[in-house]
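The structure's right below; bear with me while I get my questions together.
The values are calculated or read from the model by the stated rules, or taken from the named source; none is laboratory data. All values derive from a computational prediction rather than experimental measurement. No Cβ is skipped: glycine too gets one built from the backbone with ideal geometry, and neighbour counts run over all protein chains shown. Surface areas here come from the heavy atoms of the whole protein model, side chains and all, with no ligands, DNA or RNA. Shrake-Rupley method; radii C 1.70, N 1.55, O 1.52, S 1.80 Å.
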Amino acid sequence: MKLPSPFEEIANSSKPAQYRVYAIRAVLAMIMAALIAQINLDYLESWLYDFRIRSEVLQRTSGKIELVYIKPSTIQIFKGQPNAKDQSAILHNLLAAEPRAIVYDFPIEQAQGSEEDKSEWAQLISSHSNVFVATPDTPLKGEERSLYLPIPYDSIRMVSAPKTSDTINFAKDRVTRRMLLSYQGATMLPVTLAALYNPEVQNPENIRGHFDFYDTTQSFIDFRRPGSFPSAAFDDLANGSVDWSRYKDKIVIIGTDLNTSEADYILTPYSRIPSAMTRIEMQANMTDTLIRNSSPLRMPHYVNWILLTLISILAIQIVLSMSPAMGLVILVGTLFSFSAISFALFWLFGWWITMAAPLLAGFLVYYFFIPYRLIIENRRSWEYYQKNKLLSQVEELKTNFISMMSHDLKTPIARIQGMTDVILSDQVTLSPQQREAVDTIKQSSDDLLKFISSILNYGKIQSEGVELHMQTKDINTVLQEVIRKHEFLAKVKRIQIVSELEPLFPIRMDPDLMRQVLSNLVENAIKYSPDDTKILVTSEEKADRVVIQVSDQGPGIPEDELNNIFMKFFRSKNVKSTQIKGSGLGLYLAKYFTELHKGKIFVESKDGKGSTFTVELPMEQGGVNA
Ligand code: ADP
């Protein structure tokens, strides 16, 4: 008995019961989703977030930002950091190139030089409203004094441009992913700079993906790969090897890349090495994100919650309804598609769907419910086992009963046959009608006896009581006996039995059982063939086997039944509607007996074109159970 899958079981139950099962599963999935939502998966989520950024192929910048680096080569050429005089000179040239803004993002007060030079530089900076000096500090409201530098730079107002990193919040891995837009209402430098091109970002409410965090407004940085912004070395500007026109209408950010201070660098989604990206490239990324107003947009909580619940429901459904292999394939396929869609949405629209929780939910729910499924399945197979046991007991009782009955019927039938023989041998007293009646009695009792011996054999097989009585014998002798015995039956239908028997060595076999096998084949050939046809019986030796074939020109066997005709009680649908009698046991017994001899029996047939039954028996002695 085949165990139905849990899915079939639900499909077979009534509609309200089905809905109840699905509702329970949905509630369970929601509970699991709620539990999983409690787990802090920030680290995993940020890793998946970084992966999405890293795998972005098509990236463009606004093209509005230029970087100028004070590099080790600059230090070499200037014999130290460029002093206030050098800085003034460069600033003059830069201003002449008409950029939109110039930003100093390093501690300008540390530059060497005479007080005069310093004042001149400070004067130049403060007299141009498009020259900014950035500070990493974000003073509290009321403490804005700290944004001013000591004399002679005291006329310069610095602008906050802090670096943010996930140090104590979110992923806690010190990677910079977010930027500060404002702190206690004070606007940060990237916003001011971006507003020079895109005035709408002046109002943080217009910034895509902005969110409040304590006293700040923030958004995520739409990072570009390191090196995406054009840059030049400070010394190139000093020796005039740059084309100044490249700075026209641009934001020029001047900073250091000296590998001396960790504060000059950030860790990025691309890399976690300490000098992954310079501070000024970070400023460029922040400003550029705002110019394009393309901060990644984190999907609202409810979207993530729906996805988490849907995947949990699906995982439960898969565990409880599908075969484990199929289930795993579908689950992995779904999670893979979900990931692919999440990545695509991020690349195309900058939509950030939470991935960690749904992915984890898929697997957690799946593995959490496997034991539950095992318990259910175990209980069911136990029930089926019990049912099966009962059924086989009933089956055994039935077979025993039939065998007993059949055995008891054998004697009276033998007596009927004896008596009919006696009557038939009397040539005188019977009228033609009486003779015909007695003939019918004899024929019917023959059929009955055949049927009974089939049933008895079947009973023996069921109780494994068939014994082999092996003898060494020529199978051709058995075949000839069988043909002779059936000649009369064939003659009635004017069927000609042609035999082509090759001389063979005697083999070990149980002649009684083989006689039954071959009789059944010849008898079927006669029984199912139309009148005036031929039956060919052949025997030959092939390799180490004796091959016997019985071919007829009968109706053949439909292709869809070829696999069934050796099954017990099977009768073709074509013959069931005819007068031809049979129990459906003949070929079952033939196969069983042949296989007891370690032989094979099979049929080749085409519907409407006759059938050929083949029996192959091993020749060597050892091949047969003696
Ligand atoms: P039955 O008592 O019905 O003959 P068998 O087990 O001997 O039972 O055969 C099973 C079925 O195989 C038959 O009912 C018949 O449909 C089909 N069959 C067997 N031999 C032939 C044959 N020579 N030609 C066509 N059909 C056959």
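Return yes when I273 is open to solvent by 40 Å² or more (accessible area, probe 1.4 Å), among the hydrophobic types (A, V, I, L, M, F, W, C) and not in a helix (DSSP H, G or I) and no when it is not. Please lay out each step first, then the result.
Working: open to solvent by 40 Å² or more (accessible area, probe 1.4 Å): yes; among the hydrophobic types (A, V, I, L, M, F, W, C): yes; not in a helix (DSSP H, G or I): yes.
Against the criterion (open to solvent by 40 Å² or more (accessible area, probe 1.4 Å), among the hydrophobic types (A, V, I, L, M, F, W, C) and not in a helix (DSSP H, G or I)), I273 qualifies.
Would a scan of the range 567-575 turn up a residue that is touching a strand residue (DSSP E or B) at 6+ places or on another chain (Cβ under 8 Å) and not basic (K, R)?
no
Then there is this: Please determine, by comparing only the residues of the range 46-99 that are open to solvent by less than 40 Å² (accessible area, probe 1.4 Å) and among the acidic types (D, E), which one is nearest to L196 (Cα to Cα).
Restricting to residues being open to solvent by less than 40 Å² (accessible area, probe 1.4 Å) and among the acidic types (D, E), the top hit is E66.
Looking at I535, I557, which is the one that is in the same structural domain as L513 (by TED's automatic domain parsing), open to solvent by less than 30 Å² (accessible area, probe 1.4 Å) and more than 51 Å from the chain's Cα centre (by Cα)?
Values: I557 fails: more than 51 Å from the chain's Cα centre (by Cα).
Only one candidate qualifies: I535.
On to the next question. Of all residues in the range 433-470, count the ones that are open to solvent by 90 Å² or more (accessible area, probe 1.4 Å) and over 21 Å from I416 (Cα atoms).
Total satisfying the criteria: 4.
Moving to a separate point now. So L587 passes all but one of these: (1) near the ligand (Cβ under 9 Å from one of its atoms); (2) of a type in the set (A, V, I, L, M); (3) in a helix (DSSP H, G or I); (4) without any contact (Cβ under 8 Å) to a residue 60 or more places away in the chain. Which condition number does it fail?
Just one mismatch for L587, condition (4).
Condition test on F613, is it within 8 Å of the ligand (Cβ to nearest atom), in a loop (DSSP other than H, G, I, E, B) and either among the hydrophobic types (A, V, I, L, M, F, W, C) or in contact with a helix residue (DSSP H, G or I) (Cβ under 6 Å, 6 or more places away or on another chain) (or both)? Working first, answer last.
Numbers: within 8 Å of the ligand (Cβ to nearest atom): yes; in a loop (DSSP other than H, G, I, E, B): no; either among the hydrophobic types (A, V, I, L, M, F, W, C) or in contact with a helix residue (DSSP H, G or I) (Cβ under 6 Å, 6 or more places away or on another chain) (or both): yes.
No: the conditions fail for F613.
In addition: Restrict the check to the range 394-408 and report whether at least one residue is part of a loop (DSSP other than H, G, I, E, B) and loosely packed, with under 14 Cβ neighbours inside 10 Å.
Within the range 394-408, the first condition is being part of a loop (DSSP other than H, G, I, E, B), and the residues that meet it are none.
Looking through the range 394-408, none of the residues is part of a loop (DSSP other than H, G, I, E, B) and loosely packed, with under 14 Cβ neighbours inside 10 Å.
I would also like to ask the following. Between V522, V482, V498, which is in a strand (DSSP E or B) and within 16 Å of the ligand (Cβ to nearest atom)?
Values: V522 fails: in a strand (DSSP E or B); V482 fails: in a strand (DSSP E or B).
Of the residues listed, the single one that is in a strand (DSSP E or B) and within 16 Å of the ligand (Cβ to nearest atom) is V498.
Output the strands (runs of 3 or more DSSP E) that fall wholly within the range 148-233 and possess 1 or more residues being over 26 Å from Y247 (Cβ atoms), or say none.
Numbers: elements: 178-183, 211-213, 216-220, 231-233.
Here the list reads 178-183, 211-213, 216-220.
Also, quick follow-up: Every residue in the range 603-622 that is on the phi < 0 side of the Ramachandran plot and open to solvent by less than 70 Å² (accessible area, probe 1.4 Å), please. Step through it out loud before you land on a result.
At the first step, the residues of the range 603-622 found to be on the phi < 0 side of the Ramachandran plot are 603-607, 609, 611-622.
Those that are on the phi < 0 side of the Ramachandran plot and open to solvent by less than 70 Å² (accessible area, probe 1.4 Å): V603, S605, S611, T612, F613, T614, V615, E616, L617, P618, M619.
Taking the condition of being under 27 Å from N457 (Cα atoms) and out of contact with any helix residue (DSSP H, G or I) (no Cβ under 7 Å at 6 or more places or on another chain), how many residues in the range 550-572 meet it?
Selection size over the range 550-572: 10.
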